[in-house]
Amino acid sequence: MKWHDFKYFMEILMVFSLFFYLSGCKKEKAECGNGVKEGEEVCDGNDFGGDNCQKHNFLSGYLTCTQLCDGVTFGRCVGGCGNEIPESDTAQGKEEECDGRVVAPKNCQVGGYDYGTLKCNPDCTLDYTECKNAVCGNGEVEPTEECDFDNGGNPVLGGATCESKGFDGGELKCFASGTNNECHFDTSSCETWVCGDHKVDPGENCDFDENNNPILGDETCITRGYDFGQLGCIPPDSAEGRPCRWDVSNCGNFECGNSILEGDEECEKDVPITDTCADHNFESGDIACNYDTCAFDFSGCIGGCGNGKKEGSEDCDGSDIGEATCESVSGGTLTGQLGCKTDCTFDLSRCTPP
């Protein structure tokens, strides 16, 4: 073996030996706080691994390492557009208007615009390209407007009404372009209904005239669903008096079975019956009272034309004609609608030949 071949062989042997030696070594775990940046640490103490303020768009200063060695803070860095910290001491020698995504608390209004999104230019000056001015009359309700007008001149109110603006009723309008309050709500035609203003406003049931008499229109206790009584109006000084509402405290309903003969009741419990069967076109018998309906019970009455019940020798009585027809009465020569006369005999006037 020649000398240079032997030398080459030894170099290869040393490389493999070093590889196996290093592969058998255990990696040491990074220790935060020992002042040495190691492992996955971002920094440790003053060891930032070559990182500095300038690499984060500051002019100068010192980075600060977090307690867990997992990040850096820039509190000791100085100046520089692009670090997302608006500053006055910059390389341009002027105060930054903004920096990166940091624009607040400024908005489009500082540039004389009405609304929009204020951004920041790369040189840390404000970017107004997405700022806009509202135009009253373009049909679009913009952020600084409450309403607008469509191409036909009709107000665009966005669903707002007098009621949604705190009034009782009326017509909500929009101030036209060129007026002091252009494209803002005009509530001059909205109404607040007041009980006692001598007129029944929409949404009120009633009101009072100049003499404090209730204005009820054609309404009564009966039209309000009661049987009797005096309908009233709740006055303005009442807790429920705005707007005016019906006062039904003096209205009532008839009650069958309360031993008081009232309304259209024919009879009542414990109230003597003065009517007789003869008063109702019966011949004789005893009249009674149905206490469920407070109506007369004629089941104990006998006979009598005109009581609506076919009895005895009567052909018919009122609408009670039994099973008789024009055909059966005429022997089949007539057809039509058989009736009954007041003397309880058949009425053939509406029977005709077939």
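The values are calculated or read from the model by the stated rules, or taken from the named source; none is laboratory data. Treat the numbers as computed from the prediction; the structure is a model and nothing was measured. Quick reminder, even Gly has a Cβ in these numbers, built from the backbone with ideal geometry, and neighbours come from all protein chains shown.
Total residues in region 253-293 satisfying the condition of being touching a Cys at 6+ places or on another chain (Cβ under 7 Å) and small (Gly, Ala, Ser): the figure is 2. For region 196-212, what are the residues that are of a type outside the set (S, T, N, Q) and out of contact with any Phe, Trp or Tyr (no Cβ under 8 Å at 6 or more places or on another chain)? Of everything in region 196-212, those that are of a type outside the set (S, T, N, Q) and out of contact with any Phe, Trp or Tyr (no Cβ under 8 Å at 6 or more places or on another chain) turn out to be Asp197, Lys199, Val200, Asp207, Phe208, Asp209, Glu210. Is there a residue being modelled with pLDDT of 90 or more and either assigned to a loop (DSSP other than H, G, I, E, B) or hydrophobic (A, V, I, L, M, F, W, C) (or both) anywhere in region 76-97? No, region 76-97 contains no residue that is modelled with pLDDT of 90 or more and either assigned to a loop (DSSP other than H, G, I, E, B) or hydrophobic (A, V, I, L, M, F, W, C) (or both).
Being surrounded by 14 or more Cβ atoms within 10 Å (Cβ to Cβ), of a type in the set (Phe, Trp, Tyr) and over 30 Å from Thr223 (Cβ atoms) holds for only one residue in Phe254, Phe298, and it is Phe298. On the basis of being surrounded by 14 or more Cβ atoms within 10 Å (Cβ to Cβ) and part of a helix (DSSP H, G or I), does Glu327 make the cut? Judged against the criteria, Glu327 is a match. Hey, among Gly322, Gly312, which residue is assigned to a loop (DSSP other than H, G, I, E, B), modelled with pLDDT of 90 or more, farther than 25 Å from Asp264 by Cα and in contact with an Asp or Glu (Cβ under 9 Å, 6 or more places away or on another chain)? That would be Gly322, the only listed residue that is assigned to a loop (DSSP other than H, G, I, E, B), modelled with pLDDT of 90 or more, farther than 25 Å from Asp264 by Cα and in contact with an Asp or Glu (Cβ under 9 Å, 6 or more places away or on another chain).
Each row is one residue, and each column tells you yes or no for (1) small (Gly, Ala, Ser); (2) under 30 Å from Glu84 (Cβ atoms).
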| position | (1), (2) |
| --- | --- |
| Thr117 | no, yes |
| Asp127 | no, yes |
| Asn138 | no, no |
| Asp150 | no, no |
| Thr161 | no, no |
| Gly166 | yes, no |
| Gly196 | yes, no |
| Asn211 | no, no |
| Gly229 | yes, no |
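Being of a type in the set (D, E, K, R), over 27 Å from the mean Cα position of the chain (by Cα) and part of a loop (DSSP other than H, G, I, E, B) is the filter; apply it to region 192-210 and report the residue that is nearest to Asp237 (Cα to Cα). Only one residue tops the list, namely Asp197.
Taking the listed residues Asn154, Asn133, the one that is exposed (fewer than 13 other Cβ atoms within 10 Å of the Cβ), modelled with pLDDT under 90 and more than 30 Å from Phe58 (Cβ to Cβ) is Asn133, with no other qualifying. Across region 330-354, the number of residues qualifying as surrounded by fewer than 14 Cβ atoms within 10 Å (Cβ to Cβ) and in a strand (DSSP E or B) comes to 1.
Across region 309-354, the number of residues qualifying as among the acidic types (Asp, Glu) and within 60 Å of the chain's Cα centre (by Cα) comes to 1. Answer with yes or no whether Ser189 is of a type in the set (Gly, Ala, Ser), surrounded by fewer than 13 Cβ atoms within 10 Å (Cβ to Cβ) and in contact with a Gly (Cβ under 7 Å, 6 or more places away or on another chain). For Ser189, the condition - of a type in the set (Gly, Ala, Ser), surrounded by fewer than 13 Cβ atoms within 10 Å (Cβ to Cβ) and in contact with a Gly (Cβ under 7 Å, 6 or more places away or on another chain) - is met.
Among the residues of region 128-141, those identified as without any contact (Cβ under 8 Å) to a residue 40 or more places away in the chain and of a type outside the set (Phe, Trp, Tyr) are Thr129, Glu130, Cys131, Lys132, Asn133, Val135, Asn138, Gly139, Glu140. Would you be able to say whether some residue in region 259-280 is closer than 24 Å to Ile222 by Cβ, touching a residue at least 12 places away in the same chain (Cβ under 8 Å), of a type in the set (Gly, Ala, Ser) and not in a loop (DSSP other than H, G, I, E, B)? Within region 259-280, not a single residue is closer than 24 Å to Ile222 by Cβ, touching a residue at least 12 places away in the same chain (Cβ under 8 Å), of a type in the set (Gly, Ala, Ser) and not in a loop (DSSP other than H, G, I, E, B). Within region 63-75, the set of residues being surrounded by fewer than 17 Cβ atoms within 10 Å (Cβ to Cβ), outside any strand (DSSP E or B) and either of a type outside the set (D, E, K, R) or at pLDDT below 75 (or both) comprises Thr66, Gln67, Leu68, Gly71. In this entry, Gly178 passes the filter for residues that are surrounded by fewer than 12 Cβ atoms within 10 Å (Cβ to Cβ) and assigned to a loop (DSSP other than H, G, I, E, B).
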